[in-house]
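The values are calculated or read from the model by the stated rules, or taken from the named source; none is laboratory data. Bear in mind the structure is a predicted one, so any value in this text is a computation, not a measurement. Cβ: placed from backbone, ideal geometry, glycine included. Neighbour counts: every protein chain shown. All accessible areas refer to the heavy atoms of the entire protein, side chains included, with ligands and DNA or RNA removed. Shrake-Rupley method; radii C 1.70, N 1.55, O 1.52, S 1.80 Å.
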Amino acid sequence: MTELRRRGAGAGGGEPESADNISDKEADGDDRLGLPSEGEGDLEGDSKADTPDAPPSTDNTPQCLNKALEGLSSRWKNWWIRGILSLTMIIGFFLIIYLGPIMLIIVVMSIQIRCFQEIITIGYRVYHSYDLPWFRTLSWYFLICVNYFFYGETVADYFGALVQREEPLQFLVRYHRFISFALYLAGFCMFVLSLVKKHYRLQFYMFAWTHVTLLIVVTQSHLVIQNLFEGMIWFIVPISIVICNDIMAYLFGFFFGRTPLIKLSPKKTWEGFIGGFFSTVFFAFIFAYLLSQYQYCVCPVEYNSDTNRFAVECEPSDLFVIQEYTLPVMAQNILRWKTVNLYPFQIHSIALSTFASLIGPFGGFFASGFKRAFKIKDFADTIPGHGGIMDRFDCQYLMATFVHVYIASFIRGPNPSKVLQQLLVLQPEQQLSIFNTLRNHLREKGMLPPAGLEQ
């Protein structure tokens, strides 16, 4: 393939064929994975120019559904299967929310592990014939190391009272980063020792594959949990608006779609994209209003060391207290209203839903490009009509990062609870020193009586 392109470029002094004129099959050839071209086989062993063909997708639709929908065309059959499974997953999602923060954390970690497995399996399938030593073992080892680092940080930040009570945990928290780095170094050394002369390049491909997968999956999952601790609403609303955008874009595209949106996803249309945008903004505005009324949703998730449970009770912040806003003059002329009463979080929900509708789909486009590069339809066949778990969460991970950055930039102020948790980990002498400093500071501010007047 490479040689033919060179000949075509050189013959008659013509220009090489443009990328637009190269078919998907050609574009996905020897250049796709950076595999050695002709003449490099002696350096890298018996490499293959093309990715092995993906195994045919299997139909894992429940028999009861197949039987009930057997009279429909494939288009409408797929529509009903996707609809029924989507409704089932939405019900399951709200049931998990009802079960509380611990269950949500467990589910997020389970989804993270499954997504990691799907992406690593694709890499293993692509390079299976090379029999790379220790590839899968090292991949899972690095997953454990990265999770240990991230969730150890979470324990140190949000479970300070529990750490203070348990001596083994104090040791692990104090030397957490050193232990994490030592574990990673052990895996790094194992990888170097596993290098085999004929497979150097491929082994480094897979080393990079594993680390990029960790960056995309594990880091974003950690941010999802960080958002959850800010308040259940910062977990529920972002996930819900991505689900809403996905569903509404599909429905608008299914019934009204005519204009292709992007070559990476031929079935995506402008009609679906625009319809999904307006539907998602409207849904987010109403959904934010409903959730803002409940302490369970708006209060930060904090660990109560007395009850050994998570507490979601507090005095709601100003974000979740109804306020009056004066409308712009143009809006007043149209609506005949001068003021409206809103929760401030509803305004933030517009920003979140706008990102979910306009930028969030690019996570899906990225995933589509990845799948086209490796000639696969879906990451897996876990969910009938939907594909793998990663197919459902490709946009969610991008959304999680945005929400985390948004909270840090526009929402989060000093967190007294988190500061207190950190103080509890300090030595008694350090705590006393901070207490005296804080007491003197409050006296200077006039919030405490002078030393001679204290009783």
Inset, instruction - Can you send over the solvent-accessible area of residue 157, 1.4 Å probe, protein chains only, in Å² to the nearest 10? - result: 40
Legend entry - Relative packing of peptides 434-443, 397-406, 235-244 - highest average C-beta neighbours within 10 Å first: 235-244, 397-406, 434-443
Legend entry - Hydrodynamic radius of region 349-420 per Kirkwood, over alpha carbon pairs, in Å: 14.2
Legend entry - Sulfur and carbon atoms: percent of accessible area, region 201-342 [1.4 Å]: 65
Legend entry - Whole-number percent relative contact order across region 63-207, with pairs defined as alpha carbons under 8 Å at least 6 apart: 22
Legend entry - Per residue accessible area in Å² of region 289-429, where ligands, DNA and RNA are left out and the probe is 1.4 Å: 56
Legend entry - Overall Cα dimensions of region 288-348 - principal axes, largest extent first, Å: 55, 15, 14
Legend entry - Accessible-area order (highest first, 1.4 angstrom probe) of the listed residues 120, 347: 347, 120
Inset, instruction - Quick one: accessible surface of residue 447, probe radius 1.4 Å, all protein chains present, in square angstrom to the nearest 10. - result: 140
Inset, instruction - Could you tell me what fraction of 2.2 N^0.38 Å the Cα radius of gyration of region 316-358 comes to, as a two-decimal ratio? - result: 1.36
Inset, instruction - Would you mind giving the average projected area, over all directions, of the Cα convex hull of region 225-370 in nm² with one decimal? - result: 11.5
Legend entry - region 309-442 - convex hull of the alpha-carbon atoms, volume per residue in Å³: 257
